[in-house]
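Note sheet for the following structure.
The values are calculated or read from the model by the stated rules, or taken from the named source; none is laboratory data. All values reported here derive from a predicted model rather than from experimental measurement. Don't worry about glycine lacking a Cβ; one is built from the backbone with ideal geometry, like all the others, and counts go over all protein chains shown.
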Amino acid sequence: MFKSARLAISSAVLAAGIAVSGVAGVALAADRPPSVLVITVDTLRTDRMSGYGYERSTSPRIDDLMSRGTKFSDARTIEPLTNPALSSMLTGLLPHEHAASRNGLRIKEGLDSLPKILARNGWRTAAVVANWTLKENISGLGEHFEDYVEVFTRRRWFGIVNSEATAEDVTDEAVEWLGRHLDGREPRPFLLWVHYVEPHAPYVFHEEFAQRLGIEGHDPPRSDRYDTEIAEVDQQIGRLLDRVEGRIEGDRVIIVFTADHGESLGEHGEWGHGRDLYEPGLRIPMSFTWQGTVEQQVVESPAHIIDIPSTVLGLLGLPVPPSFRGVSWTAALRGRDRPAERPVCYQAHRGAVHGASESDRARSKGLLEVGIITGGRKEILNVNKNVRQLFDLAHDPRELHTLVAPSSTPSPELIRCVGEISEGLGSLDRLTTKKLDAETVEQLRTLGDLEEPPGRRSS
């Protein structure tokens, strides 16, 4: 099951890296810097988590984890698609910079990233992933890890072509990797990234949580099924945390929790994610936990998934590459100054690339929407239809009433975003788009990731 990534690290580099245990800023325990556990959950909405105020007890173990560190109440992804968002989380780059702007497009080779930087400095790096779009042959992310574990063991989609892992499968693999690492004599700390695919559609109903959640019947609406999926993944994350915290002292492990994106559950007539920039798809949970270093607090300032690598490096006392677009929240996590609010360019693209015919302009022709938030107002431009929307998120959090006419002129800030993204995507079009095999195309189709022909809308 374990697949070694292509990144090779020489013994000389490892030996040099292990010596970073004395680097400034690292809180040492037993002459060793802390390990890092990054947990990401696919398609997880904050407003369906009990720790964010939801009336159902969907996420008690995650809530407990987040309460022991710094939780962000206003965090967002950059693009509401799995591979683009998580590639941004690892590299600190925006999708039009790292090249994986659509599912099915590979990340640029040779980019720097959080796992690569930690590997150079002595950390053992591994990923356990269960979303089809993250497969190495599709995403190219295996380059960034020593061990890249792909878990595709069961058919979540009711026996349909697509086979992905359940949350239990993912935890089993992560625990096995931890066992191999922790039970050995290897002196290195580790970076382990674990990605769970639930609660992604088809929203499997987990009846064992129904009573706790107040759900009746054996075939509830899909919104209720979605809640039981959260409860299931929460339980399995609890298993993972029990393993980690049972073997490693709390001051020796940094735990990062977040999601790749949210999910529309009927808002604006949409189910799913990826094609628009409304809040249900953009908002994500985010927290950092490190006993004795990170404060127990809730931060209301806007944060983003691209901030994660800069923040982790800051906590470890390692320099942040100038290429990283995110900011470091290191000082804020310690209860000090917070970074100034800055505008971030959000983007939404068409579905997955699935054929050689798309390779010439797969990136630039795929751009659908660009958005920006300034002063609590979100501005969105549909670049194909030239339709503009403006929402006051404080007074209209459900984004029901645009404050401008659709044909009105976008702000200079949004025009700058559109130009920057379009130019970046255009420069990437010369990159070769890998033609996906027939099996992979069908897998992506069952996930709802493929761009469908006109008149056929994927979910």
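May I ask you to list the residues in the stretch 295-319 that are hydroxyl-bearing (Ser, Thr, Tyr) and either without any contact (Cβ under 8 Å) to a residue 40 or more places away in the chain or touching a helix residue (DSSP H, G or I) at 6+ places or on another chain (Cβ under 7 Å) (or both)?
THR311
Can you find a residue that is of a type outside the set (A, V, I, L, M), touching a strand residue (DSSP E or B) at 6+ places or on another chain (Cβ under 8 Å) and either without any contact (Cβ under 8 Å) to a residue 60 or more places away in the chain or closer than 19 Å to PRO285 by Cβ (or both) anywhere in the stretch 114-128?
Checking the stretch 114-128: not a single residue is of a type outside the set (A, V, I, L, M), touching a strand residue (DSSP E or B) at 6+ places or on another chain (Cβ under 8 Å) and either without any contact (Cβ under 8 Å) to a residue 60 or more places away in the chain or closer than 19 Å to PRO285 by Cβ (or both).
Looking at the stretch 320-340, I want the residues that are at negative phi and have a partner that is of a type in the set (Lys, Arg) and surrounded by fewer than 20 Cβ atoms within 10 Å (Cβ to Cβ) with Cβ atoms under 8 Å, at least 6 apart or on another chain. Which pairs are those?
VAL327/ARG342; TRP329/ARG338; ALA331/ARG338; ALA332/ARG338
All but one of (1) more than 14 Å from ILE284 (Cα to Cα); (2) modelled with pLDDT of 95 or more; (3) part of a loop (DSSP other than H, G, I, E, B) hold for PRO84; state the number of the condition that does not hold.
(3)
Go through ALA352, ALA438, ALA405 for me and flag whichever is within 29 Å of ASN131 (Cα to Cα), at pLDDT 70 or above and not assigned by TED's automatic domain parsing to the domain that holds GLY140.
Selected residue: ALA352, the only one of ALA352, ALA438, ALA405 that is within 29 Å of ASN131 (Cα to Cα), at pLDDT 70 or above and not assigned by TED's automatic domain parsing to the domain that holds GLY140.
Right, LEU90: under 16 Å from the mean Cα position of the chain (by Cα) and in a helix (DSSP H, G or I) or not?
In short, yes.
Given the residues LEU86, LEU111, which is the only one that is buried (at least 24 other Cβ atoms within 10 Å of the Cβ) and either in the same structural domain as GLY419 (by TED's automatic domain parsing) or within 21 Å of PHE324 (Cβ to Cβ) (or both)?
LEU86
Do we find that LEU400 is assigned to a loop (DSSP other than H, G, I, E, B) and either closer than 19 Å to ARG283 by Cα or at pLDDT 95 or above (or both) in this structure?
The answer is yes for LEU400.
Could you tell me which residue of the stretch 248-286 is surrounded by the fewest Cβ atoms within 10 Å (Cβ to Cβ), considering only residues that are closer than 22 Å to GLY314 by Cα and aliphatic (A, V, I, L, M)?
Per the criteria, the residue is ILE248.
Can you name every residue in the stretch 366-397 that is modelled with pLDDT of 95 or more and basic (Lys, Arg)?
Within the stretch 366-397, ARG377, LYS378, ARG388 qualify.
Condition check: part of a helix (DSSP H, G or I), under 19 Å from the mean Cα position of the chain (by Cα) and under 23 Å from ASP64 (Cα atoms). Does VAL256 satisfy that?
no
Checking GLU173 against (1) surrounded by 16 or more Cβ atoms within 10 Å (Cβ to Cβ); (2) over 15 Å from ILE248 (Cα atoms); (3) at pLDDT below 90: exactly one of these is not met. Which one?
Unmet for GLU173, out of (1) surrounded by 16 or more Cβ atoms within 10 Å (Cβ to Cβ); (2) over 15 Å from ILE248 (Cα atoms); (3) at pLDDT below 90: (3).
Report whether or not ALA210 is in a helix (DSSP H, G or I), surrounded by 13 or more Cβ atoms within 10 Å (Cβ to Cβ) and modelled with pLDDT under 95.
Yes: the conditions hold for ALA210.
Would you please name the residue that is surrounded by the most Cβ atoms within 10 Å (Cβ to Cβ), looking only at residues in the stretch 323-338 that are within 11 Å of HIS304 (Cα to Cα) and among the hydrophobic types (A, V, I, L, M, F, W, C)?
Looking at the filtered set, the residue picked out is TRP329.
Being in contact with a helix residue (DSSP H, G or I) (Cβ under 7 Å, 6 or more places away or on another chain), within 25 Å of GLU300 (Cα to Cα) and not in a strand (DSSP E or B): is that true of LEU65 here?
yes
If the requirement is being within 20 Å of ALA394 (Cα to Cα), touching a helix residue (DSSP H, G or I) at 6+ places or on another chain (Cβ under 7 Å) and part of a loop (DSSP other than H, G, I, E, B), which of these qualifies: GLY262, GLY292?
Exactly one residue qualifies, and that residue is GLY262.
Quick check on my filter: what residues within the stretch 176-203 are among the small types (Gly, Ala, Ser) and modelled with pLDDT of 90 or more?
Answer for the stretch 176-203, where residues must be among the small types (Gly, Ala, Ser) and modelled with pLDDT of 90 or more: just GLY179.
Run down ILE215, ILE237, ILE230 and say which single residue is among the β-branched types (Val, Ile, Thr) and either free of Cβ contacts under 8 Å to residues at least 40 places away in the same chain or not assigned by TED's automatic domain parsing to the domain that holds ASN103 (or both).
ILE215 is the lone residue from the list that is among the β-branched types (Val, Ile, Thr) and either free of Cβ contacts under 8 Å to residues at least 40 places away in the same chain or not assigned by TED's automatic domain parsing to the domain that holds ASN103 (or both).
I'd like to know if the stretch 265-282 contains one or more residues that are assigned to a strand (DSSP E or B), farther than 23 Å from LEU414 by Cα and either free of Cβ contacts under 8 Å to residues at least 12 places away in the same chain or not assigned by TED's automatic domain parsing to the domain that holds LEU241 (or both).
Among the residues of the stretch 265-282, not one is assigned to a strand (DSSP E or B), farther than 23 Å from LEU414 by Cα and either free of Cβ contacts under 8 Å to residues at least 12 places away in the same chain or not assigned by TED's automatic domain parsing to the domain that holds LEU241 (or both), which makes the answer no.
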